[in-house]
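Following: one structure in structure tokens, then a few remarks.
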Amino acid sequence: MHNDVLRRIIARISLDDLAADLERRLLEAVPAYRDFASEETAQILRWNVDQFVRWLTEGTPPTREDLQRLEAPVRHRLSEGMTMEDGLRIYRSAAQAGWDALVAAADDEERAALLSGADVLFAYMNAVTDVFYGAEISTAEQRAHEQLTRVLAGEDPDARDTYTPFVAQLGDGTAGRHAALAAELRTQGALAVSEGRRVAGLLTRSARWPAAALVALGEETGRAELADALDDLRALAAVAHARTGVVRIEDHLPELLLHSAPRHAHALHVLVYGPLDDELARTLEALVAHGFDKSAAAAALPVHRNTLGYRAAKIERLTGLDLDTTDGRGRAWLATLQRNAA
């Protein structure tokens with residue numbers, strides 16, 4: 001009887017939509033998933049949804065052969081630097097979000113049947129946990145992660161007094177290459193580990209970087225400040241993701257300020273750009289890009305200067321900004337930085 005009720009609940013849910021919603025939630029709420037997200041992770045997420053639903057509605061748990069399909073991507077992610085704790089946190093977060101979707105789709109009477117489904121959810125998580133603990137990962141990569149952890153915690157007696165921290169990432173379409181880049185940097189004397197779609201670590205001398213790499217490079221830093229410095233460089237790599245070559249903290253201080261206060265940055269973007277239609281938004285972007293020189297902005301759009309002036313006045317009326325003041329221009333500039341980052 002419970003299986004019939006569970007099938008009825010599942011029938012109301014599009015599994016494609018459910019998997020897409022789970023991925024959206026994970027991207028928004030779980031940084032570890034964001035760092036390792038790829039087309040493969042989306043496919044594995046959908047595969048897990050299918051396995052769980054089959055167990056829930058048909059009483060058929062995944063076989064050993066089924067779970068072997070999960071072992072390779074788990075080993076891959078662990079070898080790239082995902083921690084076991086983060087991997088299991090991703091699964092727990094997805095399980096909670098999926099369960100919430102089932103509860104929302106059930107009526108009051110049907111929710112009683114979901115209690116039997118909770119046992120299946122726990123059993124599925126146990127099976128996934130066994131896969132993680134049974135995975136074999138790259139010994140060299142694991143040693144590098146362990147050493148970096150000790151150095152950052154001040155627990156490595158052989159650590160140097162200073163290092164130069166860095167975070168490097170390759171462009172799109174380079175999934176799986178960051179582990180190889182970390183290994184190459186280790187041959188050059190760096191303490192380098194892969195973190196999904198980037199490599200992080202500490203340099204003892206200059207390194208050779210791939211031409212297509214973005215390298216967020218810090219200054220020579222004492223051991224006590226290394227952990228914070230690496231976190232700053234991870235943020236720098238995130239805000240400068242569209243660039244290649246070496247970038248420094250001082251090159252992107254305004255973007256980093258916005259990145260460090262995402263709620264306030266979003267509120268500023270909504271305040272400035274929320275009232276504007278596409279035409280007015282493009283106009284404000286042009287004004288910001290040309291230092292609020294109306295003639296230059298008009299030529300870039302291109303529109304007549306009088307039209308530009310009319311639009312600027314309308315922007316001021318809708319947003320409450322005075323684009324002739326430092327305050328108004330500063331808010332518009334920061335909001336535009338946030339818009340471009342988003």
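Test of understanding: what is the full-extension gain from GLU71 to THR204, defined as 0.36 nm times their sequence separation minus their Cα-Cα distance?
The span from GLU71 to THR204 would gain 44.3 nm if fully extended.
Could you work out the Rg to Rh ratio of the chain, with Rh taken as the Kirkwood radius (inverse of the mean 1/r over all Cα pairs)?
Looking at the chain, the ratio lands at 1.07.
What's the center-to-center distance, using Cα atoms, between region 8-60 and region 172-236 in Å?
Region 8-60 and region 172-236 have Cα centres separated by 32 Å.
Answer with one residue from ALA101, ALA72, ILE315: the one whose Cα lies farthest towards the positive end of the charge dipole of the chain, charges on Cβ with Lys, Arg +1 and Asp, Glu -1.
ILE315
Nothing charged except the Cβ atoms of Lys and Arg (+1) and of Asp and Glu (-1): what's the magnitude of the dipole of region 162-250 about its Cα centre? Round to the nearest 20 debye. Could you put the intermediate results ahead of the total?
Details: 10 positive and 10 negative charges, 75 e Å.
Its charge dipole is roughly 360 debye.
Taking amide hydrogens as modeled 1.01 Å from N in the peptide plane, which residues meet the under 5 Å criterion relative to THR221, leaving out close sequence neighbours?
TYR163, THR164
Express as a percent, rounded to the nearest 5, the fraction of DSSP beta bridges in the chain (both residues included) that run antiparallel.
Close to 85 percent.
If contacts are Cα pairs under 8 angstrom and at least 6 residues apart, what is the relative contact order of the chain in percent?
Reported as a whole number, the value is 13 percent.
Kirkwood hydrodynamic radius, computed over distinct alpha-carbon pairs, for region 162-250: how many Å, to one decimal?
The Cα-based Kirkwood calculation yields 12.7 Å.
Using +1 on the beta carbon of Lys and Arg, -1 on that of Asp and Glu, and nothing else charged, what's the dipole of region 51-138 about the Cα centre, debye to 20? Walk me through the intermediate numbers first.
Numbers: 8 positive and 15 negative charges, 65 e Å.
Dipole of region 51-138, to the nearest 20 debye: 320 debye.
For region 55-103, what is the Kirkwood hydrodynamic radius in Å, using each pair of distinct C-alpha atoms?
Taking every pair of different Cα atoms in region 55-103, averaging 1/r and inverting gives 12.6 Å.
For the ranges 267-273, 10-16, what's the packing order if you count other beta-carbon atoms within 10 Å of each residue, average per peptide, and put the highest first?
Peptide ranking by packing, descending: 267-273, 10-16.
Would you work out which of ALA11, LEU287, THR221 lies farthest towards the positive end of the dipole of the chain? Charges go on Cβ: Lys and Arg +1, Asp and Glu -1.
Checking the options against the dipole of the chain, the answer is LEU287.
Roughly how big is region 261-341's charge dipole about its Cα centre, with Cβ charges of +1 (Lys, Arg) and -1 (Asp, Glu), in debye to the nearest 20?
Its charge dipole is roughly 40 debye.
Can you sort PHE122, PHE166, PHE292 from fewest to most other Cβ atoms within 10 Å of each residue's own Cβ?
PHE122, PHE292, PHE166
No solvent, one uniform scatterer per C-alpha: report log10 I(q)/I(0) for region 261-341 via the Debye equation at q = 0.10 1/Å, two decimals.
Results for region 261-341 at q = 0.10 Å⁻¹ read -0.20.
Enumerate the calculated ³J(HN,Hα) couplings along region 183-192 in order (Karplus 6.51 cos²θ - 1.76 cosθ + 1.60, θ = phi - 60°), each rounded to whole Hz, writing x wherever the residue is Gly or Pro.
5, 5, 5, 5, 5, 8, x, 7, 8, 10
Starting from the Cα coordinates of region 2-137, work out the convex hull volume and express it per residue in Å³.
Given the Cα convex hull of region 2-137, per-residue volume reads 95 Å³.
To the nearest 0.05, what FRET efficiency results for TYR310 and ASP251 with a Förster distance of 30 Å applied to their C-beta separation?
So the FRET efficiency works out to roughly 0.25.
Give the order of MET125, MET82 when sorted by the count of other beta carbons within 10 angstrom, beginning with the fewest. Could you put the intermediate results ahead of the total?
Working: MET125 15, MET82 22.
Fewest-to-most Cβ neighbours within 10 Å comes out as MET125, MET82.
How high is the FRET efficiency between ALA112 and ARG150 when r is their beta carbon distance and R₀ equals 41 Å, given to the nearest 0.05? Please list the in-between numbers first.
Numbers: r = 51 Å, r/R0 = 1.24.
That pair, ALA112 with ARG150, gives E of 0.20.
Just want the answer: with Cβ charges of +1 for Lys and Arg and -1 for Asp and Glu, which residue in ALA211, ILE249, ALA237 is farthest toward the dipole's positive end in region 162-250?
In region 162-250, that residue is ALA211.
Based only on other Cβ atoms within 10 Å, what is the fewest-to-most ordering of HIS304, HIS290?
Numbers: HIS304 10, HIS290 16.
Lowest to highest Cβ neighbour count: HIS304, HIS290.
Computed from the coordinates by the stated procedures, all read-outs in this text should not be read as laboratory data. Predicted, not measured: the structure shown is a model, and the values here were computed from it. Cβ atoms come from the backbone with ideal geometry, glycine included; neighbour counts cover every protein chain shown.
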